[in-house]
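Computed from the coordinates by the stated procedures, all read-outs in this text should not be read as laboratory data. Keep in mind the model is a prediction, meaning the values are calculated, not measured. Note that each Cβ is placed from the backbone with ideal geometry, even for glycine, and that neighbours are counted across all protein chains shown.
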Protein chains: 2
Amino acid sequence: MNIKAGIVGYGNLGQAVEYLIGKLDDFELFGIFSRRETLDTNATVYPVADAHKYKDDIDVLFLCVGSATDIPEQAAGFAEHFTTVDTYDNHSKVAEHYAAMDQAAKANDNVAIVSTGWDPGLFSMNRVLGLSLFPEPIQNTFWGKGLSQGHSDAVRQVAGVRRGVQYTIPAQDAIDQARAGNGQGLSKTTSHERIVYIVADAADHDRIREEITTMPDYFEPYDTTVHFVSNEEFERDHQGAPHGGYVITTGDLQGHNASVEFSLALESNPNFTAAAMVAFGRAAARLKDQGNSGAYTVLEVPLYLLSQQSLQEMMETGLV
Amino acid sequence: MNIKAGIVGYGNLGQAVEYLIGKLDDFELFGIFSRRETLDTNATVYPVADAHKYKDDIDVLFLCVGSATDIPEQAAGFAEHFTTVDTYDNHSKVAEHYAAMDQAAKANDNVAIVSTGWDPGLFSMNRVLGLSLFPEPIQNTFWGKGLSQGHSDAVRQVAGVRRGVQYTIPAQDAIDQARAGNGQGLSKTTSHERIVYIVADAADHDRIREEITTMPDYFEPYDTTVHFVSNEEFERDHQGAPHGGYVITTGDLQGHNASVEFSLALESNPNFTAAAMVAFGRAAARLKDQGNSGAYTVLEVPLYLLSQQSLQEMMETGLV
């Protein structure tokens with residue numbers, strides 16, 4: 001099956017999806033839908049307002065638009081015309097989003113896989129898997145080492161800061177406690193550290209460090225370390241968007257600890273989010289092809305549908 | 001839904017399944033089927049030959065019997081009368097087993113989930129998930145730290161060995177290479193070490209070490225370390241059946257490495273195999289209840305079916 005794909009939105013995520021589709025044999029790109037008239041791409045660009053005209057040309061539409069307002073406002077409209085995949089990441093409103101997408105997709109015989117990516121997404125899958133294994137599971141999710149956009153913005157507001165980034169890092173002793181079955185009492189605050197890299201004049205260092213580490217909510221309750229680096233070092237080491245994390249679940253089985261762990265170490269957050277999204281795009285096209293319709297969370301998608309290989313091949317090559 | 005369970009076989013696995021069913025609110029144990037007349041259990045014991053008489057009393061039958069001969073000879077017979085779960089672990093014959101179970105289960109409107117546990121099982125799921133994420137994935141599976149029954153038997157054959165165990169341990173530098181995206185050339189031999197603990201007379205130590213480390217196939221190609229310990233230390237530290245391992249998949253995404261890892265650290269191998277088996281037992285009962293029939297690999301079972309919680313609950317509590 002050759003899957004004809006469309007992309008809505010051409011930020012970091014949309015560009016990363018375009019790259020992957022170009023690399024994968026079972027996908028071909030129909031075009032990119034954007035509000036902008038010209039984009040820096042070799043792909044065909046269409047006005048997003050005309051998207052519905054191409055509904056019969058597209059097997060799966062990747063909704064690479066923001067979770068804050070775009071997805072709630074636009075996603076269900078796309079699900080009326082297309083089989084869709086999104087990375088809606090507002091955990092507290094997933095149920096609401098799912099309901100809206102289910103209604104729009106079912107009414108039009110489309111499939112809509114919601115909240116793919118890695119958290120929500122692969123982390124959700126591993127939270128549910130881990131919790132399902134034990135009578136009394138203990139589960140912790142840790143995030144990082146990851147660039148935090150909001151906290152980086154906050155440090156850049158401090159007077160005298162020329163450049164700055166903030167990384168969130170899980171505390172190693174918190175990870176060790178979780179693995180050993182002692183994760184019950186860990187709070188997000190005590191199990192994460194914040195590391196800040198700043199470019200600033202030497203005369204300002206002490207004051208800047210003080211202002212950052214005592215910033216309420218953002219930094220004050222956390223173990224925060226501020227490093228001052230040269231502009232050259234900043235250029236070299238702090239341009240990326242790394243992220244990742246851990247889902248650790250333990251259970252006591254007749255006095256024996258069992259630790260189940262899923263972890264990600266990503267040099268580029270948006271590239272990997274796109275990778276997960278594209279795999280679920282493959283599944284969405286297949287679910288639709290099998291005659292299904294409606295919304296799906298990642299928890300409802302059987303894993304074999306993510307793969308380019310057939311189930312029979314996977315059994316015969318020892319993957320199972 | 002209260003799931004009425006039966007267990008066939010009462011070795012380590014069957015006993016661990018019995019324990020879990022006793023701990024889980026949504027299961028109740030109907031009884032244990034065995035060739036032996038009396039078992040050391042408070043559960044009701046039935047002759048395995050009479051099992052089919054109780055087909056209407058049981059929602060899911062856990063086949064806790066050996067993969068070498070019992071499963072190939074008996075499993076399809078059980079699938080004619082029951083919805084079943086097994087832990088068949090012969091990777092090279094999973095396709096054959098699946099076909100036999102599919103035929104028996106479909107003909108009788110039952111569900112049969114095959115090859116649950118952790119490898120095959122949870123590791124199979126994570127191999128397929130990892131491989132599905134990248135255009136050119138690199139994947140390594142490492143096993144251990146784990147007690148190897150076959151190698152422990154082998155060292156105990158060496159003259160003068162009073163007690164002995166062998167653990168397989170993944171080499172840390174191999175794990176690090178895999179995580180960094182350099183796992184392509186790693187062989188099973190070079191990426192695992194063997195650690196042996198022996199109780200023997202001091203006069204025999206040098207000869208025993210030599211005989212073990214040069215034993216062809218079993219130890220000769222591996223980095224093997226032999227430790228001699230006192231009987232007391234052996235009693236204290238080497239009575240368990242630990243196991244675990246890692247499935248590590250990396251991919252290059254526009255020059256950025258992404259590393260996806262699933263790992264297990266288990267103090268008791270059979271207890272955890274049972275935990276995975278019971279979660280898939282829950283899924284089997286639900287698949288049957290939803291009107292499905294036939295064989296399923298773990299790759300075909302949507303994850304939400306493993307959980308005691310409903311999909312709606314999982315969405316509303318932020319698990320997704």
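With θ set to phi - 60°, apply the Karplus curve 6.51 cos²θ - 1.76 cosθ + 1.60 along region A:226-241 and write out the HN-Hα couplings as whole Hz, x wherever there is a Gly or Pro.
So the J values, rounded to whole Hz, are 10, 10, 9, 10, 6, 4, 5, 5, 4, 4, 6, 10, 10, 9, x, 10.
Non-local amide H neighbours of residue B:27 (under 5 Å, H modeled in plane, Pro and chain starts lacking H): which ones?
Residues meeting the criterion, in which the H sits 1.01 Å from N, are B:3.
Could you size up the charge dipole of region B:1-143 around its Cα centre, putting +1 on the beta carbon of Lys and Arg and -1 on that of Asp and Glu, and report it in debye to the nearest 20?
Numbers: 9 positive and 20 negative charges, 31 e Å.
With only Lys, Arg, Asp and Glu charged at Cβ, the dipole is about 160 debye.
How far is residue A:210 from itself in the other copies, in nm, if each label sits 7 Å out from Cα along the Cα-Cβ line, shortest first?
Distances to the matching label points in the other copies: 7.2 nm.
As an exercise, use a Förster radius of 35 Å and the Cβ-Cβ distance of residue A:12 and residue A:55 to find the FRET efficiency, rounded to the nearest 0.05. Write down the numbers at each step before the final one.
Details: r = 26 Å, r/R0 = 0.75.
With a Förster radius of 35 Å, E is 0.85.
For the protein assembly as shown, give the share of DSSP beta bridges that are antiparallel, in percent and rounded to the nearest 5; count only bridges with both residues there. Present the calculation step by step, with values, prior to reporting the outcome.
Working: 65 of 121 bridges.
Given both bridge residues lie in the protein assembly as shown, the antiparallel proportion sits at roughly 55 percent.
Counting only residues 5 or more places away or on other chains, whose amide H sits under 5 Å from the amide H of residue B:115 once H atoms are built in the peptide plane?
Sorted by chain and number, the residues that satisfy this are B:86, B:87, B:88.
Can you tell me how much longer the chain between residue B:308 and residue B:206 gets when fully stretched, taken as 0.36 nm per residue apart minus their C-alpha distance, in nm with one decimal?
On the way: separation 102, 0.36 × 102 = 36.72 nm, distance 5.49 nm.
Residue separation times 0.36 nm, minus the Cα-Cα distance, leaves 31.2 nm.
Quick one: label points 7 angstrom along Cα→Cβ at residue A:233, distances to the other copies in nm, smallest first?
Here the equivalent label points are 4.5 nm apart from this one.
For chain B, which DSSP H helices look membrane-span-like by this rule: Cα extent along the axis of 27 Å or more and mean Kyte-Doolittle of at least 0.0? Walk me through the numbers on the way to the answer.
On the way: long enough: B:269-289 (30 Å, 0.10).
Those that pass (Cα extent of 27 Å or more, hydropathy at least 0.0) are B:269-289.
Could you give the length gained on full extension between residue B:214 and residue B:136, defined as 0.36 nm per residue of separation minus the Cα-Cα distance, in nm? Provide the component values of the computation, followed by the final result.
Working: separation 78, 0.36 × 78 = 28.08 nm, distance 3.83 nm.
Taking residue B:214 through residue B:136 to full extension adds about 24.3 nm, to one decimal.
Beta carbons within 10 angstrom, averaged per residue: use that to sort the peptides A:254-260, A:124-130, A:44-50, highest first. Working shown, then result.
On the way: A:254-260: 19.7, A:124-130: 25.1, A:44-50: 13.0.
The packing order, highest mean first, is A:124-130, A:254-260, A:44-50.
Across the residues of B:261-270, average count of Cβ atoms on other protein chains within 10 Å? Provide the component values of the computation, followed by the final result.
Values: counts 7, 7, 8, 4, 8, 6, 9, 6, 2, 3.
Counting other chains' Cβ atoms within 10 Å and averaging over B:261-270 gives 6.
Subtracting the Cα-Cα distance from 0.36 nm times the residue separation, let me have the gained length for residue A:163 to residue A:68 in nm, one decimal.
Values: separation 95, 0.36 × 95 = 34.20 nm, distance 2.65 nm.
Gain in length upon complete extension: 31.6 nm.
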